[in-house]
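> Below is one structure. I have some questions about it.
The values are calculated or read from the model by the stated rules, or taken from the named source; none is laboratory data. Only a predicted model underlies this, so the values are computations on that prediction, with no experimental measurement involved. Methodologically, a virtual Cβ is constructed for each residue, glycine included, from the backbone with ideal geometry; neighbour enumeration extends over all protein chains shown. Keep in mind that these areas ignore ligands, DNA and RNA; they rest on the heavy atoms of the full protein, side chains included. Shrake-Rupley method; radii C 1.70, N 1.55, O 1.52, S 1.80 Å.
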Amino acid sequence: MKKEDRQRLCSLIRDHEDIVGSSRVTMMAIMALIESIKQVQCSVQEVRGLYSELSGAIKHTEPKVIPLIHLIEEFEKEIGESPDETIDELKDQAIRILEEKHHKIKTKIGKVIEHGLTCINEGDVMIVHNISYDVTNMLKLASEVLHKPFKLIVLRQDLTKTRRLIKSLTATDIDMEIIPEYSLNHYIEQGNKVFMGALSITDDMKVVSATGSANVVSLCHLNNLPVYLFANTLKFSHRPSSQQKIHRKVEPMIHGDVRYQLITHSHDMVGLKHVDFLVTEDGIMDKAAIMEAIKASRS
């Protein structure tokens with residue numbers, strides 16, 4: 001894969017992750033790969049080369065989309081290397097394995113949402129910052145199916161990132177107030193919980209989350225608001241935060257007679273110690289259980 005194509009793939013995955021979250025982008029990537037396999041026409045050796053090339057590109061995205069990388073690594077192990085198989089047999093096997101991976105993450109997400117619904121009580125006022133497929137669907141189910149009355153304080157970031165969340169939630173009867181994230185200090189006393197998602201949870205106890213998450217979580221932590229993190233275990237990385245490759249963007253800016261370079265980063269790092277409850281497909285964990293789960297994931 002050419003350098004330019006690899007950069008485009010990184011940008012495409014990063015942009016989609018910003019808008020729909022890492023769980024959703026992982027499912028979308030797997031389905032796109034299945035469709036690509038169905039259409040490809042070449043030899044067995046060429047297909048295996050393409051698998052390897054795409055896998056390498058996915059593993060080097062900035063930042064790393066850990067759930068997708070875990071599933072691709074599983075795919076690589078399971079696809080095997082039978083010397084006698086035909087191209088159609090190889091394609092059928094690859095599609096079957098990838099469909100299993102899609103089902104695996106979909107099932108995990110469903111269980112996270114199921115456990116998450118028990119975290120929403122009548123009268124709650126929840127602060128929601130970043131875009132999470134799990135959290136968005138959980139809130140909609142709590143309102144539309146369980147008919148739980150609650151309020152959301154949605155912290156607006158870049159409108160492109162927040163637009164999808166706002167459109168999705170305004171289609172429900174959820175009581176919602178949208179404020180700039182920098183105005184949270186004026187509303188902090190109204191909330192009683194903070195809901196957030198994650199791109200990944202690193203080996204050194206860091207949560208890779210949307211830009212601005214570190215400031216929001218710190219403010220809420222100082223004001224004793226419990227922080228709930230929703231993340232299935234495929235998001236547990238076996239590598240430290242220094243290897244997550246947070247994307248650094250430098251843009252030349254001009255305002256009248258002033259020229260400067262604006263430096264931004266695609267994601268924040270949040271200390272896991274500031275998270276009060278971690279909700280995975282296995283259930284709801286408090287601080288002590290969180291530490292044990294991360295230790296177990298290392299072994």
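> Taking the options 203, 257, name whichever one is under 27 Å from residue 69 (Cα atoms), acidic (Asp, Glu) and open to solvent by 20 Å² or more (accessible area, probe 1.4 Å). Can you show your working first?
Details: 257 fails: under 27 Å from residue 69 (Cα atoms).
Going through 203, 257 in turn, the sole match is 203.
> Take the range 37-48 and flag every residue that is over 16 Å from residue 78 (Cα atoms) and open to solvent by 40 Å² or more (accessible area, probe 1.4 Å).
Within the range 37-48, 38, 39, 41, 43, 45, 46 qualify.
> Regarding the range 213-235, can at least one residue be identified that is free of Cβ contacts under 8 Å to residues at least 60 places away in the same chain and over 20 Å from residue 195 (Cα atoms)?
no
> Which one is nearest to residue 71 (Cα to Cα) among residues in the range 260-281 that are surrounded by fewer than 16 Cβ atoms within 10 Å (Cβ to Cβ) and touching a helix residue (DSSP H, G or I) at 6+ places or on another chain (Cβ under 9 Å)?
Only one residue tops the list, namely 271.
> Pairs please, first residue from the range 84-110 and surrounded by 14 or more Cβ atoms within 10 Å (Cβ to Cβ), second anywhere and small (Gly, Ala, Ser) and in a helix (DSSP H, G or I), Cβ atoms under 7 Å, 6+ apart in sequence or on different chains.
Final answer for the pair search is 105/23; 109/23.
> How many of the residues in the range 137-161 are open to solvent by 20 Å² or more (accessible area, probe 1.4 Å) and touching a residue at least 40 places away in the same chain (Cβ under 8 Å)?
Summing the residues that are open to solvent by 20 Å² or more (accessible area, probe 1.4 Å) and touching a residue at least 40 places away in the same chain (Cβ under 8 Å) in the range 137-161 gives 3.
> So, in the range 215-254, how many residues would count as being in a strand (DSSP E or B) and either open to solvent by 70 Å² or more (accessible area, probe 1.4 Å) or within 30 Å of residue 106 (Cβ to Cβ) (or both)? Break it down into steps so the answer makes sense when it comes.
Restricting attention to the range 215-254, the residues satisfying the condition of being in a strand (DSSP E or B) are 227-230, 236, 248-254.
Then keep just the ones that are either open to solvent by 70 Å² or more (accessible area, probe 1.4 Å) or within 30 Å of residue 106 (Cβ to Cβ) (or both); that gives 227-230, 236, 248-249, 252, 254.
So the count comes out to 9.
> Right, next: Which residues, counting only those in the range 37-65, are within 26 Å of residue 243 (Cα to Cα) and of a type in the set (Ser, Thr, Tyr)?
Listed by number, the residues that qualify are 51, 52, 55, 61.
> Hey, among 69, 127, 34, 120, which residue is β-branched (Val, Ile, Thr), out of contact with any helix residue (DSSP H, G or I) (no Cβ under 6 Å at 6 or more places or on another chain) and either surrounded by 13 or more Cβ atoms within 10 Å (Cβ to Cβ) or not in a helix (DSSP H, G or I) (or both)? Spell out how you get there, then give the answer.
On the way: 69 fails: out of contact with any helix residue (DSSP H, G or I) (no Cβ under 6 Å at 6 or more places or on another chain); 34 fails: out of contact with any helix residue (DSSP H, G or I) (no Cβ under 6 Å at 6 or more places or on another chain); 120 fails: out of contact with any helix residue (DSSP H, G or I) (no Cβ under 6 Å at 6 or more places or on another chain).
None of the others qualify; the one that does is 127.
> Among the residues of the range 162-200, how many are closer than 21 Å to residue 219 by Cβ, surrounded by fewer than 20 Cβ atoms within 10 Å (Cβ to Cβ) and among the aliphatic types (A, V, I, L, M)?
4
> May I ask you to list the residues in the range 72-113 that are over 20 Å from the mean Cα position of the chain (by Cα), among the polar types (S, T, N, Q) and part of a helix (DSSP H, G or I)?
Hit for the range 72-113 is 93, nothing else.
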